[in-house]
């Protein structure tokens, strides 16, 4: 199975996708970690690193799916083209796809998360509120589970796990 999380930075994708991967015994691919690795080896921050990270994640996911594994992807997936890439990958490997759109409907809480969150150990920088509000983010279309983390992640986690069953 391929489980793909998407949503703006700070909405709670990592807080949900990490325990989902752990509970399902899945491979967890986090685009932020792939981008950070590329920066550490000297790729420029303003180059096409984001696109490259998605390409690397697709290749890693394809390898795991070809072995019969379950893959959980933690990525912003801001544009429809990014989401379509995951759909195509699931079709190529003939595996179920579960798309999970993560939102935070409380803008005050969302901003607080952005401004107060520390970087992950593999993340040299976190986006600012201006980065988040300026990010192109196409509306989602098609079948997916949408979870709202404004009230906390526990209920959302149960919803996601049920969606993956």
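Worth a mention:
- Ordered by the number of other Cβ atoms lying within 10 Å of each residue's own Cβ, fewest first, 104, 164 fall into the sequence 164, 104.
- Both numbers refer to the Cα atoms of the range 2-164; Rg and Dmax are 15.1, 43 Å.
- If a spin label sat at a point 7 angstrom from the Cα of residue 18 along the line to its beta carbon, the backbone N atoms of the range 94-129 nearer than 12 Å would be those of 118-123.
- Distance in nm between pseudo-label sites at residue 62 and residue 94 (7 Å out along the Cβ direction from Cα): 1.8
- Potential lengthening of the chain between residue 137 and residue 150 amounts to 2.8 nm, from the contour at 0.36 nm per residue minus the alpha-carbon distance.
- Normalised per residue, the volume of the convex hull around the Cα set of the range 86-149 (Å³): 139
- Residues in the range 131-153 reached by a label modelled at residue 162 [backbone nitrogen below 14 Å; 7 Å Cα→Cβ]: 145-148
Readers should treat all values here as calculations from the given coordinates under stated rules, not as data from a laboratory. What you see is a predicted model, and the numbers here were worked out from it, not measured in a lab. Every residue, glycine as well, gets a Cβ built from its backbone with ideal geometry; the counts of neighbours run over all protein chains shown.
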